[in-house]
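Student: This structure is in structure tokens; I'll ask about it shortly.
Coordinate-derived values only; no laboratory data. Keep in mind the model is a prediction, meaning the values are calculated, not measured. All Cβ positions, glycine included, derive from the backbone under ideal geometry; neighbour counts span all protein chains shown.
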Amino acid sequence: MINEADPPLSLDALRSGDRAEFARLVEIYYTPIYRLALKMLAREQDAEDVLQNTFLKALQHIGEFEGRSTLSTWLYRIAANEALMFLRRKRPEVSINDEAEEADDSLPMPEQFTDWCCLPEQEFATAEAKRQLDQAILKLPEKLRVVFLLRDIEGLSIKETSEVLNLTETAVKTRLLRARLALREYLAAYFSERLLSENEK
């Protein structure tokens, strides 16, 4: 998420080519854009390429930014598109904007379902739990993965996520639910073991 304490960027300065202001934009958005790219692509070099291309395109096209969305939404849109284009080059079947399936309300329920309410909060903050989550995120189909990352990791609203991905808010909500259900199933085995260990104490 973006640090709300940062002074607002001057769009006029950015459009006029102010290097100091653009450097501040990079400083503010470097970490969230890199984090999004890394969790989408898994490889540091690929994430760095997406990061570089995102800021390069932002620099080239800042004059075309009309302010109809927030600057952060615009940057996330560039980064998400760059990451998805990278995936498409490797897997041409990857698509993000096909909403035909969103009309299907038959969301599959997880085959494994673990009640994690009894686990101590610190269990979810361990390095191993975070590693398990990262691995589970990478198992998600790309169009679910990017929605989950933008909404639940980067903290964008449903509306902002829909603007970034050029999807309807209904499609975002549906994909987010599918992603959360899938992640719950992917992580069921790990947290079942943790719950069993906790109960044996």
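Student: Taking the Cβ of each residue in GLU64, GLU48, GLU160 as the centre, tally the other Cβ atoms inside 10 Å and list the residues starting with the fewest.
Tutor: Details: GLU64 8, GLU48 14, GLU160 20.
Result, fewest neighbours first: GLU64, GLU48, GLU160.
Student: Over all directions, the average projected area of the alpha-carbon convex hull for segment 11-90 comes to how many nm²?
Tutor: On the way: hull surface 20.3 nm².
If you wrap the Cα atoms of segment 11-90 in a convex hull and average its projections, you get 5.1 nm².
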